[in-house]
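Engineer: First, the structure itself, so that you have it in front of you.
A short reminder: the numbers here are calculations on the coordinates, not readings from a lab. Please read these numbers as outputs of a predicted model, since none were measured by experiment. Note that we place each Cβ from the backbone using ideal geometry, even for glycine, and neighbour counts take in every protein chain shown.
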Amino acid sequence: MSDESVEQRPLAEPEPTGEPRTDGFRRLLAVIDRLRAPDGCPWDLEQSVASLAPSLIEEAFEVVEAIEHGDEAGVREELGDVLMVVALISKISEQNGDFDLGDAARSVSEKLVRRHPHVFGSAEVSSTGEVLENWEAIKEQERAEKQTDASALAGVPKALPALQRANRVGGKAITAGFRWSSVEGALAKLEEEVREVREAIAIGDPDAIERELGDVLLAGALLGNYTQVDAERATRSAVRRFEDRFRRVEDEFGSVRGIDLDQLMAAWERAKSAQSKS
């Protein structure tokens with residue numbers, strides 16, 4: 001596209017309101033409206049709510065990665081990408097006659113007010129735990145009124161990564177009162193599941209090994225709820241450490257293929273020590 005054609009089709013800039021957050025959001029909506037106009041971008045015009053769903057997940061994970069790396073500029077950029085996908089999905093839904101971004105914003109605003117009676121109402125709380133208990137109780141009441149799944153475990157998306165979903169389901173169970181009195185109970189459960197996977201391996205039953213290993217991973221995620229550790233984030237961090245150490249070992253030998261295990265483990269310990277100092 002030539003510079004001349006760009007000049008002939010400028011963006012209709014919204015009038016500034018003087019509130020930076022509002023102005024930034026209004027400009028994004030103006031851009032999305034232009035992209036989805038009949039003479040807008042062919043790619044954007046081909047998209048549907050379903051086709052953009054994977055992009056929403058991908059962009060959200062990129063935000064998480066930027067946060068975990070302490071990349072403030074990256075967080076800002078990736079959050080912008082999330083907002084873009086949200087705005088585009090909402091615009092498509094609006095054009096389909098379903099709902100628009102304003103409907104979505106009003107819906108979540110009403111929900112936040114309803115679920116924070118200690119802020120917007122007369123309820124009193126003395127701890128974060130009470131806030132969470134009230135939140136879950138209100139959600140259960142909402143589901144009962146809508147005649148949807150009224151379980152205390154309802155509302156955790158099945159598409160979440162497994163450890164993240166385990167963490168969330170465990171947290172809901174704990175908030176509902178299904179919990180050990182201390183972290184020791186959760187730790188003992190993890191140790192119990194490790195013993196059971198050992199027994200399954202000794203027997204050599206593949207189905208039992210898979211089942212018991214799954215129980216170990218679940219118990220580890222549940223332990224995270226008692227130690228305020230996000231199992232998904234902890235696992236991502238562990239994988240990054242493993243990858244870094246493995247690459248250091250590769251750098252030392254050129255390749256790990258054909259190297260004696262004792263040599264590899266010694267190199268691993270050197271890599272671990274170097275990693276802790278870096």
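Engineer: Set Lys and Arg Cβ to +1 and Asp and Glu Cβ to -1, take the dipole of the chain about its Cα centre, and tell me which of 268, 253, 219 lies farthest positive.
Structural biologist: So the residue furthest toward the plus end is 219.
Engineer: Taking loop as defined by DSSP and a crowding limit of 16 other beta carbons within 10 Å, which chymotrypsin sites (Phe, Trp or Tyr not before Pro) in region 128-219 fit?
Structural biologist: Passing sites in region 128-219 are 178, 180.
Engineer: Sticking with this structure for a sec: Pick out the long, greasy-scoring helices in the chain: whole DSSP H runs spanning 30 Å or more along their own axis by Cα, mean Kyte-Doolittle at least 0.0.
Structural biologist: Taking the DSSP H segments of the chain (at least 30 Å long, mean hydropathy at least 0.0), we get 72-95, 183-203, 206-227.
Engineer: In a Gaussian network model over the chain where Cα atoms closer than 10 Å are linked, find which of 90, 127, 107 has the largest mean-square fluctuation.
Structural biologist: Of the options given, 127 has the highest mean-square fluctuation.
Engineer: Using only DSSP helix segments of four residues or longer, with each worth -39500 (n - 2.57), what per-residue ellipticity at 222 nm results for the chain after dividing by its residue count and rounding to 500?
Structural biologist: -24000 deg cm²/dmol
Engineer: Cut-off 10 angstrom, C-alpha nodes, Gaussian network model of the chain. Which of 17, 235, 175 fluctuates the most?
Structural biologist: 17
Engineer: Which of rounded, prolate, oblate describes region 155-277, given a ≥ b ≥ c as roots of the alpha-carbon gyration tensor eigenvalues and a/c under 1.5 marking rounded, otherwise prolate only if a/b is larger than b/c?
Structural biologist: Verdict is prolate for region 155-277.
Engineer: Rounded if a/c is under 1.5, else prolate if a/b beats b/c, else oblate: with a ≥ b ≥ c from the C-alpha gyration tensor eigenvalues square-rooted, which is region 92-182?
Structural biologist: Here region 92-182 falls in the oblate category.
Engineer: Can I ask one more? Where in region 33-56 does the label zone of residue 98 land, with the point 7 angstrom along Cα→C-beta and an amide N cut-off under 12 Å?
Structural biologist: 48-53
Engineer: GNM on the chain, C-alpha springs below 10 Å: top fluctuator among 212, 142, 13?
Structural biologist: So, out of 212, 142, 13, the one fluctuating most is 13.
Engineer: For a paramagnetic label modelled at 7 Å from the Cα of residue 33 toward its Cβ, which residues of region 56-91 fall within the zone defined by backbone nitrogen distances under 17 Å?
Structural biologist: Only 84, 87-91 fall inside the zone, counting backbone N under 17 Å.
Engineer: Something else now. Note the full-extension length gain between residue 256 and residue 108 as 0.36 nm times their separation in residues minus their Cα-Cα distance, in nm to one decimal.
Structural biologist: Gain on extension, residue 256 to residue 108, equals 48.0 nm.
Engineer: Here is a follow-up. Taking the Cβ of each residue in 261, 163 as the centre, tally the other Cβ atoms inside 10 Å and list the residues starting with the fewest.
Structural biologist: 261, 163
Engineer: Which FRET efficiency, nearest 0.05, do residue 237 and residue 15 yield, Cβ-Cβ r, R0 35 Å?
Structural biologist: For residue 237 and residue 15, the calculated efficiency is 0.15.
Engineer: Turning to a different aspect of this structure: Between their Cα atoms, which of 111/172; 91/146; 139/189 are more than 22 Å away from each other?
Structural biologist: Where the Cα-Cα span goes over 22 Å, the pairs concerned are 91/146; 139/189.
Engineer: Would you work out if the chain is rounded, prolate or oblate? Take a ≥ b ≥ c from the square roots of the eigenvalues of the alpha-carbon gyration tensor; rounded if a/c is under 1.5, else prolate when a/b is larger than b/c, oblate otherwise.
Structural biologist: Because a/c hits 1.5 or more and a/b fails to exceed b/c, the chain counts as oblate.
Engineer: Order the peptides 220-227, 198-205 from the highest to the lowest mean number of other Cβ atoms within 10 Å of their residues.
Structural biologist: So the peptides 220-227, 198-205, ranked by packing, come out 220-227, 198-205.
Engineer: On average, how much area does the Cα convex hull of region 3-114 cover when viewed from any direction, in nm²?
Structural biologist: Its average projected convex-hull area is 9.5 nm².
Engineer: For a Förster distance of 30 Å, can you work out the FRET efficiency between the beta-carbons of residue 274 and residue 191, rounded to the nearest 0.05?
Structural biologist: 0.40
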